[in-house]
């Protein structure tokens with residue numbers, strides 16, 4: 001025999017689940033735009049009479065993702081036409097390219113592509 005007292009129906013039933021308290025209201029912030037969703041900017045290389053053509057090609061290859069063929073084409077276009085489009089990217093990256101080319105005494109300007 002057991003020493004326990006007999007249980008009443010209230011004691012033998014499983015407890016009733018109650019709903020959890022409402023979660024604290026949080027504000028959702030929009031995610032920052034991705035680089036490919038930012039407004040595009042052109043990076044333009046200008047011709048100059050001070051730098052050697054080989055130096056310009058090497059600088060383009062060093063500072064941009066352009067390969068040798070594209071760097072030579074860009075350098076020749078800037079040399080003959082006075083200006084060439086190097087690439088299109090978002091504003092911050094375009095400004096970075098501009099600063100990097102300035103350290104090499106090459107003139108690069110940026111402008112909105114749209």
Filter result (surrounded by 13 or more Cβ atoms within 10 Å (Cβ to Cβ) and either touching a strand residue (DSSP E or B) at 6+ places or on another chain (Cβ under 6 Å) or closer than 18 Å to residue 37 by Cα (or both)) within segment 97-114: 97, 98, 101, 107, 108, 109, 110, 113
Taking segment 28-87 only, how many residues are within 16 Å of residue 102 (Cβ to Cβ), surrounded by fewer than 15 Cβ atoms within 10 Å (Cβ to Cβ) and within 21 Å of the chain's Cα centre (by Cα)? 1
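All of the numbers you see were taken from the coordinates with simple rules; none came from a lab. Just so it is clear, the structure is predicted and the values come from calculations on it, not from any experiment. No Cβ is skipped: glycine too gets one built from the backbone with ideal geometry, and neighbour counts run over all protein chains shown.
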